[in-house]
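Input: a single structure, listed below in structure tokens.
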Amino acid sequence: MNTTAYAFEQPITERPEIPARFGEDGGKFYYYYDQLADELDEDLTKRLKSQLDSLLIFAGLFAGVNSAFLALTLPMMSADPADDTNALLLQLVKGGNATINSEADLPSATFAPPPAIYPVNILFAVSLTCALMSSFLAVSVSNGSSS
């Protein structure tokens, strides 16, 4: 049985003495150093992965809620085509009294979105982009750290 291999398998209980010259102790100090570094790296990797998993869950939920709000506010940026249809049907039902002679007379021609809707939609779009980019980076880092 190799006694040096057995000596290396013992757990670290105290700090080994640093040899005066490289290789004087048969590599024992450097073996313990590598063992300790591997243990610290593994702990760091596990901690970072759990934090990235939490970030992915939060970013996914945030992106879902954010896109729902964006879907609600985005239609406010353009005129409702149903208003034009209703105006044309009303003219048809009334007997064609010619209140709508051209496209300029339709309700969509005079439509102007509320001024506050622009910054709201811009903020929703930017925050959704940031959430998706952070998710992409978290997945990239997570895949890179596992290899």
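What follows is calculated from the coordinates using simple rules that are stated; it is not laboratory data. Bear in mind the structure is a predicted one, so any value in this text is a computation, not a measurement. Note that each Cβ is placed from the backbone with ideal geometry, even for glycine, and that neighbours are counted across all protein chains shown.
Data overview
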| quantity | calculated |
| --- | --- |
| Which listed residue, of 45, 99, is out of contact with any Pro (no Cβ under 9 Å at 6 or more places or on another chain), polar (S, T, N, Q) and touching a residue at least 12 places away in the same chain (Cβ under 8 Å) | 45 |
| Residue match in the stretch 40-53 (condition: of a type in the set (A, V, I, L, M, F, W, C) and over 30 Å from residue 15 (Cα atoms)) | yes |
| Helices (runs of 4 or more DSSP H) enclosed by the stretch 28-147 - at least 1 residues per element that are within 25 Å of the chain's Cα centre (by Cα) | 28-73, 117-146 |
| Members of the stretch 78-112 found to be surrounded by 12 or more Cβ atoms within 10 Å (Cβ to Cβ), within 30 Å of residue 129 (Cα to Cα) and of a type in the set (A, V, I, L, M), listed by number | 79 |
